[in-house]
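Down below is the structure, laid out as structure tokens.
Every number here is computed from the coordinates shown, using simple stated rules; none is lab data. Computed from a prediction, not measured in an experiment: that's the story for all the values here. Don't worry about glycine lacking a Cβ; one is built from the backbone with ideal geometry, like all the others, and counts go over all protein chains shown.
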Amino acid sequence: MKPLKTKVSITLDTDLIEIIKDLAEQDDRSFSQYINLVLKEYVKSQGLKRKDRGSK
């Protein structure tokens, strides 16, 4: 089963958007897919994990 996705709205610098668009195209991915991939890799590289949201 695919993980659920949630729409978000963020504001990015114009030059960063252009760079990401170019990188996404080179990787044959959509803009959103590429940002998702980059963020996942960053979080993984930082050793960060989702906090348990169960009972306290």
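Reachable aspartates and glutamates from Lys49, Cα under 15 Å, same-chain residues fewer than 8 places away excluded? List returned: Glu41.
Ellipticity at 222 nm from helices only: DSSP H runs of n ≥ 4 in the chain, each -39500 (n - 2.57), divided by the residue count, give -16000 deg cm²/dmol.
The angle between the Cα long axis of helix 31-45 and the longest principal axis of the Cα atoms of the chain comes to about 50 degrees, rounded to the nearest 10.
Which angle from 0 to 90°, rounded to the nearest 10, does the C-alpha axis of helix 14-26 make with the longest principal axis of the chain? So the helix axis and the longest Cα principal axis differ by about 90 degrees.
Kirkwood Rh over Cα pairs of the chain into Stokes-Einstein at 25 °C, 0.890 mPa s: D in µm²/s? Please list the in-between numbers first.
Working: Rh = 13.5 Å.
Approximately 182 µm²/s, per Stokes-Einstein.
Put simply, when 17-25, 37-45 are sorted by average Cβ atoms within 10 angstrom per residue, most first, you get 17-25, 37-45. Just to confirm a number: summing +1 for Lys and Arg and -1 for Asp and Glu over residues other than Asp15 whose beta-carbon lies under 15 angstrom from that of Asp15, what do you get? So the surrounding residues net to -2.
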